[in-house]
Amino acid sequence: MSSHAPGPELLGTRLRHLLELLDGDVAAVHADLGLSGVRPRFVPVVRALASAGPSSIRDLARTTGVTHSAASQTVARMAEEGLVSLAPGQDGRQRIVHLTAKAESLLPVLNAEWAATAQAAAEFEAELSFPLSRLVGEALDALHRRPMRRRIAEAAPHLLPHRPEEDTPAPRAGRGSPPQGASGPGS
């Protein structure tokens, strides 16, 4: 093992660790506030639904800046916790997500936590040499233009087979920087 600081070769590992630290502390605040069953990733969805009203999973994905699959998984977990309910949309394929009375009763404390987390995140970013939120947005944009698999294949053409779909940019899951108020600094 080398004694130098980890570089790009450990980027994914270090990003997961950073996310664990951020989300872990937000989850600890939720526990301190008695918000049993509320995960950090739920709060942007609750806030989006409180603001826009019942929404499709596709709309929630777009609003919170995640993939449809990630939004669907989050909504499923939220339904298990009794925070949302699902109803069929106009065409049988669409599901409309509604806040439950339980989630609505949590809005005052979730909004206060959101504001405190946003302030703490701004203070955290002020300690850094470059705003992390801006860097994450730039990183997401770069990976949408040229996904990591393609970059690996280009670095070692003999290692992976070429895929024709790699000749076009990756589909966008959401903007690099989610809309204001869409996802929290620790979420």
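The values are calculated or read from the model by the stated rules, or taken from the named source; none is laboratory data. Please read these numbers as outputs of a predicted model, since none were measured by experiment. Note: ideal-geometry Cβ built from the backbone for every residue, glycine included; neighbour counts use all protein chains shown.
Checking ALA79 against (1) more than 23 Å from VAL136 (Cβ to Cβ); (2) at pLDDT below 95, which test does it fail?
Of everything listed in (1) more than 23 Å from VAL136 (Cβ to Cβ); (2) at pLDDT below 95, ALA79 misses just condition (2).
For the range 15-134, which helices (runs of 4 or more DSSP H) that fit wholly inside it have 3 or more residues that are surrounded by fewer than 21 Cβ atoms within 10 Å (Cβ to Cβ)?
43-52, 68-80, 101-126
Yes/no matrix, rows are residues, columns are (1) within 17 Å of ALA48 (Cα to Cα); (2) of a type outside the set (S, T, N, Q); (3) out of contact with any Pro (no Cβ under 8 Å at 6 or more places or on another chain); (4) at pLDDT 95 or above:
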site	(1), (2), (3), (4)
GLN90	no, no, yes, no
LEU128	no, yes, yes, yes
ARG151	no, yes, yes, no
ASP167	no, yes, yes, no
SER183	yes, no, no, no
